[in-house]
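Contents: one structure, followed by commentary.
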Amino acid sequence: MLEAGGSNPVPVEVAPAVLAQIVAHARSEAPRECCGLLVGRPQLRIVDEAVATANIEPGTTRYVVDPADHFRLLKRLRGTDREIVGGYHSHPRSPAVPSPTDVAQAFSAAFLYLIVSLLDAERPDVRAWRISGEEIRQVPILSDQ
Ligand SMILES: [Zn+2]
């Protein structure tokens, strides 16, 4: 179920350079979905790095983050004050809204799901979501232009 309002969702801050990198990754992988992990400081609700990972799912309508890439990143972040706060993937031919598969695969309400849509090739649409069971909430993205 898609929820529009309710209690105000707390925005997340994503640097413009990070957003640009995610869009570039999406474009380079199309028509396949790209995927990656988001690193930041969860307490401050800041995403300051996007790490591109391999999509080990064959085909064009799904993604699975390469576990080796995931593990390498966990190792790099160990002992720092930064952590994996979410993930991103692309929807080359559909809106930046979680698909039924995205909802089914969501494993943590604390995880931020960022989706970039290339439906309008001129104007990629990037949106952030939190998914808790069947509840889907859009999270506003703050980005200093
Ligand atoms: Zn998706």
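Assorted remarks:
- Taken together, the criteria place L112 among residues that are of a type in the set (A, V, I, L, M, F, W, C), touching a residue at least 24 places away in the same chain (Cβ under 8 Å) and under 27 Å from V10 (Cα atoms).
- Selection status of E13, more than 11 Å from the ligand (Cβ to nearest atom), open to solvent by 70 Å² or more (accessible area, probe 1.4 Å), at pLDDT 95 or above and part of a strand (DSSP E or B): yes
- Of all residues in region 41-60, those satisfying the criterion of being open to solvent by less than 40 Å² (accessible area, probe 1.4 Å) and under 19 Å from T80 (Cβ atoms) are V47, A50, V51, T53.
- Among all residues of region 35-53, there is at least one that is small (G, A, S), more than 21 Å from D125 (Cα to Cα) and in a strand (DSSP E or B).
- Residue count for region 57-90, restricted to those that are modelled with pLDDT under 95 and more than 12 Å from the ligand (Cβ to nearest atom): 3
The values are calculated or read from the model by the stated rules, or taken from the named source; none is laboratory data. Quantities reported herein were computed from a predicted structural model and do not represent experimental measurements. Because the Cβ atoms are built from the backbone with ideal geometry, glycine has one as well, and the counts that use them run over all protein chains shown. Each accessible area value is taken on the protein alone, full model and side chains, heavy atoms only, with ligands, DNA and RNA left out. Shrake-Rupley method; radii C 1.70, N 1.55, O 1.52, S 1.80 Å.
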